[in-house]
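Please read the structure below before turning to the comments.
The values are calculated or read from the model by the stated rules, or taken from the named source; none is laboratory data. These numbers were taken from a predicted model, which means no experiment stands behind them. FYI the Cβ positions are ideal-geometry reconstructions off the backbone, even for glycines, and counts take in every protein chain you see.
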Amino acid sequence: MTTLLLVHGGLWEEGMGAERFWRGPGVVAGLEKHGFDVLAPDRRHRAPDWAAEASHLASVLPGPPLTVVAGSNGGSAAARLALDFPGAVAGLVLAWPATANDPAVDAHDRAHLAGLGASDEVIGALLGGQTLRGLTDGELASLPMPTAVVPSALANRFHQRHVVDALLGLLPATAVLPACPEAPRPEFPPYLESFVSAVAAFAGR
């Protein structure tokens, strides 16, 4: 049975975990109906950097290479996993990649993190990077596995389309899956089946 690892979004928010991001919206159940074994762990609570997130995810991997589906800021954790643990990731889906290097977005997230007690060093580690937070564009371009991106169907500053376009120019083997709202949003349910089917097709079902 093919295994999928789902990495939820969020950036230190209370209550944002796999239950809210993937299970509640029906993504886990939908992928299981397609015949996948689905792992949907919670990310490390208030990790100080993306390498720590990657190490946490690596600790739950079953062994053989698997396809990783990551939402929003979870894409940084997933891409870091693929880089720091070569051979662990066979395919990577970056759904609704988070906007990086946008002054307004970074100011919002910096204030949010500072309000939760993050140090300047931690904030810099989490918000720094290029197209994706925590990674250089050179690192992204070095990813060898098949990749796919899912644009947000709803225009918003936290998941801007130009990030998807930049990833298409960086990643060597990238498909664009149908756009849809982010899974935790109330607008997502009508898109559930199309999202699940697109992910399943990418992962080989």
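Does SER76 satisfy being under 17 Å from LEU140 (Cβ atoms) and surrounded by 15 or more Cβ atoms within 10 Å (Cβ to Cβ)?
Considered against the rule, which asks whether it is under 17 Å from LEU140 (Cβ atoms) and surrounded by 15 or more Cβ atoms within 10 Å (Cβ to Cβ), SER76 comes out as yes.
Residue by residue through the range 185-205, note down the ones that are part of a loop (DSSP other than H, G, I, E, B), surrounded by fewer than 16 Cβ atoms within 10 Å (Cβ to Cβ) and touching a residue at least 12 places away in the same chain (Cβ under 8 Å).
Scanning the range 185-205 gives GLU187, GLY204, ARG205.
Looking at (1) assigned to a helix (DSSP H, G or I); (2) closer than 27 Å to ALA153 by Cα; (3) of a type outside the set (A, V, I, L, M), which is the one condition that is false for GLU53?
With respect to (1) assigned to a helix (DSSP H, G or I); (2) closer than 27 Å to ALA153 by Cα; (3) of a type outside the set (A, V, I, L, M), GLU53 is out only on (2).
Test of understanding: among LEU168, LEU116, which residue is within 17 Å of the chain's Cα centre (by Cα) and not polar (S, T, N, Q)?
Sole residue among the options that is within 17 Å of the chain's Cα centre (by Cα) and not polar (S, T, N, Q): LEU168.
Six or more apart or on different chains, Cβ atoms under 9 Å: show the pairs whose first residue is in the range 27-53 and within 11 Å of LEU6 (Cβ to Cβ) and of a type in the set (A, V, I, L, M) and whose second is at pLDDT 95 or above and surrounded by fewer than 16 Cβ atoms within 10 Å (Cβ to Cβ).
As it stands, the answer is VAL38/ALA29; VAL38/GLU32; ALA40/GLU19, since those pairs meet every condition given.
Quick one: count up the residues across the range 141-176 that are surrounded by fewer than 18 Cβ atoms within 10 Å (Cβ to Cβ), modelled with pLDDT of 95 or more and in a strand (DSSP E or B).
Residues in the range 141-176 being surrounded by fewer than 18 Cβ atoms within 10 Å (Cβ to Cβ), modelled with pLDDT of 95 or more and in a strand (DSSP E or B): 1 in total.
Out of PRO103, PRO62, PRO48, report the one residue that is surrounded by fewer than 16 Cβ atoms within 10 Å (Cβ to Cβ) and closer than 28 Å to PHE195 by Cα.
PRO62
Do the conditions hold for GLU182, that is, is it in a helix (DSSP H, G or I), within 25 Å of MET16 (Cα to Cα) and of a type in the set (Asp, Glu)?
Against the criterion (in a helix (DSSP H, G or I), within 25 Å of MET16 (Cα to Cα) and of a type in the set (Asp, Glu)), GLU182 does not qualify.
Which residue out of SER152, SER142 is of a type in the set (Gly, Ala, Ser) and closer than 13 Å to SER72 by Cα?
Result of the check over SER152, SER142: SER152.
Quick grid of which residues meet (1) out of contact with any helix residue (DSSP H, G or I) (no Cβ under 7 Å at 6 or more places or on another chain); (2) touching a residue at least 12 places away in the same chain (Cβ under 8 Å); (3) part of a helix (DSSP H, G or I):
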site	(1), (2), (3)
VAL60	yes, yes, no
GLY63	yes, no, no
THR67	yes, yes, no
ALA78	yes, yes, yes
LEU94	no, yes, no
HIS112	yes, yes, yes
LEU135	no, yes, no
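For LEU6, are the conditions met, namely being within 17 Å of the chain's Cα centre (by Cα), part of a helix (DSSP H, G or I) and under 16 Å from ALA203 (Cβ atoms)?
Taking the combined requirement at face value, the residue does not satisfy it.
Among the residues of the range 12-43, which ones are out of contact with any Gly (no Cβ under 6 Å at 6 or more places or on another chain), crowded, with 16+ Cβ neighbours inside 10 Å and either assigned to a loop (DSSP other than H, G, I, E, B) or at positive phi (or both)?
TRP12, GLY17, PRO25, GLY26, HIS34, PHE36, ALA40, PRO41, ARG43 - these are the residues of the range 12-43 that are out of contact with any Gly (no Cβ under 6 Å at 6 or more places or on another chain), crowded, with 16+ Cβ neighbours inside 10 Å and either assigned to a loop (DSSP other than H, G, I, E, B) or at positive phi (or both).
Is it fair to say LEU126 is in contact with a Pro (Cβ under 9 Å, 6 or more places away or on another chain), within 17 Å of ARG43 (Cα to Cα), assigned to a helix (DSSP H, G or I) and touching a residue at least 60 places away in the same chain (Cβ under 8 Å)?
yes
Is there a residue in the range 119-140 that is among the basic types (Lys, Arg), surrounded by 18 or more Cβ atoms within 10 Å (Cβ to Cβ) and touching a Ser or Thr at 6+ places or on another chain (Cβ under 9 Å)?
Yes, the range 119-140 has at least one match.
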